[in-house]
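The block underneath contains the structure these notes are about, expressed in structure tokens.
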Amino acid sequence: MSSKRKKKKHTLFVIFYWPAQFGRPGTRYIAKDGGQTDLRLNAAKFWTQTEAKEFAKQKNIELTEITYIGQEDFTDFEIQHDT
């Protein structure tokens, strides 16, 4: 098998904290612990919007125009390091 395998991407839900910059510097996310992070790798990732909403409810995160659920593409590598 080739060492240059194509990286598979998955579109997952995340909770943005601040308007998304779509992967550019300045993009902020809600982390797995409910805090804030600017590192994509530390963002809480969800397969469904319902999971993201439930997480926000459990962590007492108010969804607003600034803190909102959106989607972003992640590679298998980024997802595997989420555990």
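The values are calculated or read from the model by the stated rules, or taken from the named source; none is laboratory data. Quick caveat: nothing in here was measured; it's all calculated off a predicted structure. FYI the Cβ positions are ideal-geometry reconstructions off the backbone, even for glycines, and counts take in every protein chain you see.
Mind listing just one residue for me: the one in region 58-75 that is charged (D, E, K, R) and part of a loop (DSSP other than H, G, I, E, B) and, of those, modelled with the lowest pLDDT? Full working, then the answer.
To start, the set of residues in region 58-75 that are charged (D, E, K, R) comprises 59, 62, 65, 72-73.
Filter again for part of a loop (DSSP other than H, G, I, E, B), leaving 59, 62, 65.
Details: Lys59: 97, Glu62: 96, Glu65: 90.
Selected residue: Glu65.
Can you confirm whether Glu78 is at pLDDT below 95 and surrounded by 14 or more Cβ atoms within 10 Å (Cβ to Cβ)? In short, yes. Within region 41-79, the set of residues being closer than 12 Å to Tyr17 by Cα and of a type outside the set (A, V, I, L, M) comprises Glu62, Thr64, Glu65, Thr67, Tyr68, Gly70.
Filter region 1-31 down to residues that are surrounded by fewer than 15 Cβ atoms within 10 Å (Cβ to Cβ) and at pLDDT 90 or above and give me whichever is nearest to Phe77 (Cα to Cα). Please lay out each step first, then the result.
Within region 1-31, the subset surrounded by fewer than 15 Cβ atoms within 10 Å (Cβ to Cβ) is 1-11, 18-19, 21-26.
Next, only the ones that are at pLDDT 90 or above stay: 10-11.
Details: His10: 11, Thr11: 13 Å.
That would be His10.
Figure legend. Inter-residue proximity from region 35-57: first residues hydrophobic (A, V, I, L, M, F, W, C) and modelled with pLDDT of 95 or more, second residues buried (at least 18 other Cβ atoms within 10 Å of the Cβ) and part of a loop (DSSP other than H, G, I, E, B), beta-carbon distance below 7 Å, spacing 6+ or different chains. Indicated pairs: Phe55/Ala44.
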